[in-house]
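Enquirer: Here's a structure for you.
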């Protein structure tokens, strides 16, 4: 099974491809421009290129916290959902909060998830180190994408 993990906001898109237990590819894409129909097309084309390149059979989508979801993000999630239905792809959605709740620490849950994914996939170590130096979260979306893809991969 080949799973595409997606974690997105209206500005940042994290993508990860798992084939079985192996991490084959991961990317972070940033879309700085204001929200527009062109921007949504650019976001979707990034996802479509991964779907075609890796012959994806299942999509795992991380949905942001409810209070963090903008109308733009909601529109994007809706477009992703309809695209997956159109292409007959299995789509599984996860709220981001449950896999952060797995962490026992009261603070630093994102760092704990990133650390856990780095332990399982050492190739993420470079991004993990970069993220620790950043003052604002940037690469976190990649780690969320890997985590949701892993959840779907483990279910099959």
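Each reported figure results from applying straightforward, stated rules to the coordinates on display, with no laboratory input. Worth saying up front: this structure is predicted, and the values here are computed from it rather than measured. Heads up, the Cβs are rebuilt from the backbone with ideal geometry, glycines too, and the neighbour counts pull from every protein chain shown.
Enquirer: Rounded to the nearest 0.05, what FRET efficiency is calculated for residue 45 and residue 123 with R0 set to 22 Å and r the Cβ-Cβ distance?
Expert: It comes out at approximately 0.30.
Enquirer: Could I ask something else about it? Just to verify a number: FRET efficiency for residue 155 and residue 34, C-beta to C-beta distance, R0 = 35 Å, to 0.05?
Expert: 0.40
Enquirer: Suppose we keep just the DSSP beta bridges with both residues in the chain; what percent of those would be antiparallel, to 5?
Expert: Of those bridges, close to 60 percent are antiparallel.
Enquirer: Which semi-axis lengths, in whole Å and largest first, follow from the square roots of five times the eigenvalues of the Cα gyration tensor of the range 105-156?
Expert: Equivalent ellipsoid semi-axes, largest first: 19, 12, 10 Å.
Enquirer: Stokes-Einstein diffusion coefficient for the chain at 4 °C in a medium of 1.567 mPa s, Rh from the Kirkwood formula over Cα pairs: what value in µm²/s?
Expert: The calculation lands on 83 µm²/s.
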